[in-house]
Amino acid sequence: MTLLYPSIDLRGGRVVRLAKGDYAVETDYGDDPVGVATGFCDQGAVWIHVVDLDAARTGEPVNRPAVAAVVAAVAGRAAVQTGGGVRSLDDAKALADAGVDRVVMGSAAVAHPELVDAVSAIVPVAVGLDHRGGDLAVHGWTESSGVALTDALVRFAAAAAFVITDIERDGLLGGPDVDGLAAAVAATTVPVIASGGVGTLDDVRALAAIDGLHGIITGRALYEGRFRVAEAIGILS
């Protein structure tokens, strides 16, 4: 069964969403990430996806207390996967100590694939493969890595999952890249989590039809009332 990963993006301790990763195009959804997370759990979510946008951009983990608070609030009900600025063993250990179940490594993993092996000895790692037209972007999506998505899919044997985000679709609610995601799932034995573009329950259905897709991340559609967590989980189950 494909799992739903409702998303909480944090900036300055507040719940926000960006459009296509642009820090200048931000929508604010309030200052209660714990309330958002527990609300997702109340509707049946068994995973919560949390992103520290400040750390992704600057490396400074200013939202780590908020991440720890979310972990504590959903303990025993949902697992927490978190990313943004996870660039070292120390970053991963701090998050593991806070109770995070899986860390997402993007920029650091692409630059130093061997780091994924080392971090995996501490906490499971999802490698974030964030791309524009198949070209992986790093440092908060502000720079091209020069690495192709197709090449990255075979580089990380220790990865617990791949989180594949189509940056040009992220936060726009215009629909996911179903064909591209299906091709990625077929190209790797690592579980794939789809991110970017989910705007309707029909999008959820289209992704659920990809044989072997492990998970779906969705954020803005939930905050704007396009559908509820419980409705999406109902489709997936």
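Read-outs: derived from the displayed coordinates by stated rules, not from any lab. These numbers were taken from a predicted model, which means no experiment stands behind them. Cβ: placed from backbone, ideal geometry, glycine included. Neighbour counts: every protein chain shown.
Order of 196-208, 172-184 by packing, highest average Cβ count within 10 Å first?
Taking the mean over residues of other Cβ atoms within 10 Å, the ranking is 196-208, 172-184.
Tell me which residues come under 5 Å, amide H to amide H, from VAL50 once H is placed; ignore anything under 5 positions away on its chain.
ILE8, GLN81, THR82, GLY83
Could you rank the peptides 152-164, 75-87 by their average count of other C-beta atoms within 10 Å per residue, with the highest value first?
So the order, starting with the most tightly packed, is 75-87, 152-164.
Calculate the dipole size of segment 3-236 relative to its Cα centre from +1 charges on Lys and Arg beta carbons and -1 charges on Asp and Glu beta carbons; express the result in debye to the nearest 20.
Value, rounded to 20: 300 debye.
For segment 155-169, just list the computed ³J(HN,Hα) in residue order, Karplus coefficients 6.51, -1.76 and 1.60, θ = phi - 60°, integers in Hz, with x standing in for Gly and Pro.
9, 10, 5, 8, 5, 7, 6, 10, 9, 9, 10, 8, 4, 5, 9
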